[in-house]
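Here is the structure we will look at.
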């Protein structure tokens, strides 16, 4: 699989479905054959509702797996109640 930004080969990463580009430093998720950037994944994930308050997660901050260095799962922080909603 090749990086849609620079064209170099992507390296598979944990968790399954995530890929890193060692050339340009970008990170992508393979969503059914479409490579999505972290920003695109944030937008896609924000169409869900919070498990605690049932409000929309739109506008919540999404953190991709391993983005902060110690989170194996991606999550969205609810903009209404602040609860963490894991993928």
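Taken together, the residues in the stretch 22-60 that are under 15 Å from the mean Cα position of the chain (by Cα) and on the phi < 0 side of the Ramachandran plot amount to 24.
Among the residues that make up the stretch 64-84, is at least one of them in a strand (DSSP E or B), touching a helix residue (DSSP H, G or I) at 6+ places or on another chain (Cβ under 9 Å) and either modelled with pLDDT of 90 or more or surrounded by 13 or more Cβ atoms within 10 Å (Cβ to Cβ) (or both)? Among the residues of the stretch 64-84, at least one is in a strand (DSSP E or B), touching a helix residue (DSSP H, G or I) at 6+ places or on another chain (Cβ under 9 Å) and either modelled with pLDDT of 90 or more or surrounded by 13 or more Cβ atoms within 10 Å (Cβ to Cβ) (or both), which makes the answer yes. Is the stretch 37-55 home to any residue that is surrounded by 15 or more Cβ atoms within 10 Å (Cβ to Cβ) and in contact with a helix residue (DSSP H, G or I) (Cβ under 7 Å, 6 or more places away or on another chain)? Scanning the stretch 37-55, I find no residue that is surrounded by 15 or more Cβ atoms within 10 Å (Cβ to Cβ) and in contact with a helix residue (DSSP H, G or I) (Cβ under 7 Å, 6 or more places away or on another chain), so the answer is no. Listed conditions (1) without any contact (Cβ under 8 Å) to a residue 24 or more places away in the chain; (2) within 21 Å of residue 20 (Cβ to Cβ); (3) not in a strand (DSSP E or B) are all met by residue 36, apart from (3).
The values are calculated or read from the model by the stated rules, or taken from the named source; none is laboratory data. Since we're looking at a predicted model, the values are computed, not measured. Here Cβ is always computed from backbone atoms with ideal geometry, including for glycine, and neighbour counts include all displayed protein chains.
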